[in-house]
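All remarks here apply to the structure that follows.
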Amino acid sequence: MDHTLLFGFLSGPYTQFAIIGTVLLGLILGFRGAPLWLWSVLGLVALMGFNAPVPVIIAFVIINGVFIFKPSRRLLITSQVMKLMKALNVIPQISETERTALTAGVVWIEGDLFSGKPDFKKLMNEPYPELTKEEQAFIDGPTEKLCEMIDDWVVYKNRDLSPETWDYIKKEKFWGMIIPKEYGGLGFSALCHSEVIMKLSSRSVPAAITVMVPNSLGPAELLIHYGTDAQKKHYLPRLAVGDDIPCFALTEPGAGSDAGAIQASGVIFKGDDGKLYVRLNWNKRWITLAAISSILGLAFKLRDPDNLLGKGEDLGITCALIPTKTPGVVVGRRHDPLGIPFFNCPTQGKDVVVAVEDAIVGGAAGAGKGWMMLMECLAAGRGVSLPAQSTGGMKVGTRVTSAHATIRKQFGVSIGKFEGIEIPLARIAGFTYLMEAFRRYTLGALDQGIKPPVVTAIAKYNATELGRKVVNDGMDILGGAGISRGPRNLIAGHYMAAPIGITVEGANILTRTLIIFGQGALRAHPYAFDEVESLENGDIKKFDKAFWGHIGHVVRNLHRSVLLSLSRGWLASNPGTGSVAKYYRRLSWVSASFAIMADIAMGSLGGKLKMREKITGRFADILSWMYIGTSILRRFKAEGNRKEDLPFVHFTMNYAMFEIQKAFEGIFMNLDVPGLSWFFKGPVRWWGNLNSLANEENDKHTHKIATLITTDSEQRERIAAGIYVPKNTEDSLGRLEATFKVVKRAEAAETKIKHAIKMKQLPKKKISEVVQEACSKNIISLDEKNDVLRSEEMRNQAIQVDDFSQEEYVGHPGYPPLKNSESKISSWGSSIPPRVS
């Protein structure tokens, strides 16, 4: 048969055009993710057009028929693939605790970013939350008042909040923000909860933590979602008004990030009254509020040796609520977390007996479900508290450093005008813009009832890491004023507290490697988790759908990655306009490259991937910065595409792209792909460097941001909005802000004086020495003269630092020797607390 009768235009001199056309059509089909049958048609047309032998065409049709007809594919091919994958141990083994963590919460936009083809029209229309009038009134009223009551230096000196502050926290239900109104709480949104913590942390980190923890993972959160009606009615009203002070005990000496390794135990037994009880023993540490708590939430491993609940002997991790007055409960001692004076404590329990139905969260039905409860609560909580605390600190850093860089002069010039200062100043302000963007974007999901554990892990990790970078930059700008502690120092507390946020709610090192990508690779991937589950369960139908869907996913992303790289993202559709449109294109490009490289890593390393934490950490960085970049673009859109904010958008998006670029390079250099490692280390890495996503920060952008943030403007107020700024100019931040405004107002007059000196109308002296003469010669007005004199006086006051007499110094916070400081070691291996119930 002469196929050129049907496709004659493809023969002879036109063959080269046929080849080119087929290749282009194949690229388009791959780029668009065409279905298998369309690929089969394309292949058949190509074979016939190129006059292939009939046997070849028949073989092609048969093979493709097998693939397209699902029952034959499952029988002849998929079944063999399943056997091979089991034999090669390609799929990672997932423990029950890992499975519970994987299934907790839901997949949100990380699924789009993992897909290789994110729908930015959808992502840019995700809700951008706003406070209700009631919530705004709470921010402007009780939260503002609480900030006014707190003198953070006094808190550090006394190592505690004042009794009046404790009473006010209880009276205004600060511990009841997440508790529904029907139980006497405030029933606030996640956004309001976050705004309160952000504002408090800008005033006092110890106060913020004290309010934060009862509204995070703990008794109230557990009861709201999993408690029995009786438990809710009993505890929630008391928790809302502070009649009960809660804590939650999870961490142990041998169980930190590996919370599943806890040794705290509970054994169910039947009492003489016929009721079921549980006997508990535990040794916990680093438990916030434990020393003063009245209700202790406890995570422990529950055993039922007599199968009294009918669920077997080993029930697993369980959560219970124990009144701290119960006999055997030990509380009262404290840790000292870097001198930050909040209650962080050890607690022990020895043969503590409580009723199953009263104590176990959810009653008997909640036995063994503790791990699921904790994972689901953390899936939301990580996105609220610590990002809020970090944002508050960053906004304080923006105000303090921009004011200080304006007020402080060296060589006759405000230090903020030095290029060396502009760089960290721009980072501080830029990261603050960025942080507010992804804080609010994340809260938008949480307030819809969406609990995305991978996204909230991204939020917690990056918020605390960026917070550390900001406070380090702040220390560099403030210099000696940053290291001299006292009431005038506004960033030392944030500097000391930074490692605490990085350590709690999942230490950052493991959050990055195990949760963001380790969990994300299975949870957010469109097919991987279904493949694992179906392979374990022997479900060939589900595996067939997932596996071949995965193959199509790989083919599509391979084509998209190549074409978007060659076109620098221009082939991707995007909803952006103007100078930000390129960022949508680059994120599409990154997503496709990330998706194909993630599949290559999973395919080449299989179950070993989760132990290759250097590799998974780099993938986590890419996923993180894709999410952060998306949130930056969402903020810019939500706020009306303000032209004046473009320097912040350009700086932060460039930073995101540069971090992604570095992560890709690390993957190319270190990923072991059998037979192809040379290809990634050589040609791919070379092309990646030649065709890079971004370079280091642009000097023009850093200059613009530094100039904008040292200008007394609406924009500066907006970038650092939502924190406590005292109206009292005797307060450190109030004094600094007032001085900043006066100094900026005097700048015009100072410019006139400098020009007059240059023109020899005035002698070459300090401005303060010629200001009177400048006024008398009408170079400046009388009001301008007063502004200059007032600015010099206020400037001199603002740059002072604290000092102390020897008597004062030995009394302020530090680590004074304690009487009888030798620890008494109990059988638990820790210090014996003074209060034993």
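Just a few scattered comments:
- Phi-based couplings in Hz for the range 354-362 (Karplus 6.51, -1.76, 1.60; Gly and Pro marked x): 9, 6, 4, 5, 7, 8, 5, 4, x
- Backbone phi angles across the range 239-247, fed through the Karplus curve with coefficients 6.51, -1.76 and 1.60 (θ = phi - 60°), yield HN-Hα couplings of 5, 4, 9, x, 5, 10, 9, x, 8 Hz in residue order; Gly and Pro are listed as x.
- Remark: for residue pairs Lys417/Lys704; Lys86/Lys545; Lys643/Lys752; Lys83/Lys545, the C-alpha separation exceeds 20 Å in Lys643/Lys752.
- Cleavage-rule hits, GluC sites (Glu not before Pro), the range 685-787, DSSP coil, Cβ neighbours within 10 Å at most 10: Glu696, Glu730
- Under the simplified labelling scheme, the Asp273-Ser579 pair shows an inter-label distance of 7.3 nm, with each label point 7 Å from Cα along Cα→Cβ.
- Sorting 177-187, 72-82 by their mean Cβ neighbour count within 10 Å, with the most densely packed peptide first, gives 177-187, 72-82.
- For the range 515-613, the per residue solvent-accessible surface stands at 39 Å², with DNA, RNA and ligands left out and a 1.4 Å probe.
- Counting only residues at least eight positions apart within a chain, or on another chain, the aspartates and glutamates with an alpha carbon under 13 Å from that of Lys700 are Glu419, Glu422.
- Distances between placed amide hydrogens fall under 5 Å for Lys451 paired with Val106, all partners being 5 or more residues away or on another chain.
- Cα pair distances of the range 597-706 binned at 10 Å [whole percent]: 14, 36, 28, 16, 6, 0
- Expressed per residue, the C-alpha convex hull volume of the chain stands at 208 Å³.
- For Gln797 and Phe418, the difference between the fully extended length at 0.36 nm per residue and the C-alpha to C-alpha distance is 134.2 nm.
- Phi-based couplings in Hz for the range 105-111 (Karplus 6.51, -1.76, 1.60; Gly and Pro marked x): x, 9, 8, 10, 6, 4, x
- Alpha-carbon centroid distance for the pair the range 506-538 / the range 218-277, whole angstrom: 29 Å
- Computed about the Cα centre, the dipole magnitude for the chain is approximately 1660 debye when only Lys and Arg (+1) and Asp and Glu (-1) carry charge, each at its Cβ.
- List Tyr627, Tyr655, ordered by accessible area with a 1.4 Å probe, largest first: Tyr655, Tyr627
- Here the peptides 157-170, 679-692, 525-538 are ranked by packing, the mean other Cβ count within 10 Å, and the order with the highest first is 525-538, 157-170, 679-692.
- Using the rule -39500 (n - 2.57) for each DSSP H run of four or more residues, divided by the residues of the chain, the 222 nm mean residue ellipticity is -17000 deg cm²/dmol.
- For the chain, the carbon plus sulfur part of the accessible surface works out to 57%, probe radius 1.4 Å.
- Annotation note: chymotrypsin sites (Phe, Trp or Tyr not before Pro) in the range 406-500 located in DSSP loop regions with a Cβ neighbour count of at most 12 within 10 Å are Phe411.
- Gap separating the Cα centres of the range 149-207 and the range 319-347, nearest whole Å: 19 Å
- FRET efficiency, Asp167 to Leu308 (Cβ-Cβ, R0 45 Å, nearest 0.05): 0.50
- Proximal lysines relative to Lys681, as straight alpha-carbon distance under 17 Å, when same-chain residues fewer than 8 apart are discounted: Lys614, Lys662
- Along the axis of the charge dipole computed for the chain (Cβ charges of +1 for Lys and Arg, -1 for Asp and Glu, origin at the Cα centre), the listed residues His703, Gln661, Gly688 are led at the positive end by Gly688.
- Solvent exposure of the range 332-472, expressed per residue, is 26 Å² of accessible area, with all protein chains present and a 1.4 angstrom probe.
- Remark on the range 677-773: ratio of C-alpha radius of gyration to 2.2 N^0.38 Å is 1.90.
- Close amide-amide hydrogen proximity is noted between Arg408 and Ile415, each under 5 Å apart and 5 or more residues distant or on a separate chain (H modeled in the peptide plane; Pro and chain starts excluded).
- Label-to-label distance, Asp539 versus Ile139, with points set 7 angstrom from Cα along the beta-carbon direction: 4.4 nm.
- Bridging of Lys325 to aspartates and glutamates at a Cα separation below 20 Å is possible for Asp243, Asp244, Asp351, Glu357, Asp358, once same-chain residues fewer than 8 apart are set aside.
- Rounded, prolate or oblate (a/c below 1.5 giving rounded, otherwise prolate when a/b exceeds b/c) for the range 207-247 by Cα gyration tensor: oblate
The values are calculated or read from the model by the stated rules, or taken from the named source; none is laboratory data. Here the structure is a predicted model, which means the values were calculated and not measured. Don't worry about glycine lacking a Cβ; one is built from the backbone with ideal geometry, like all the others, and counts go over all protein chains shown. When the accessible area is computed, the model is the full protein with side chains, heavy atoms only, and any ligands, DNA or RNA have been set aside. Shrake-Rupley method; radii C 1.70, N 1.55, O 1.52, S 1.80 Å.
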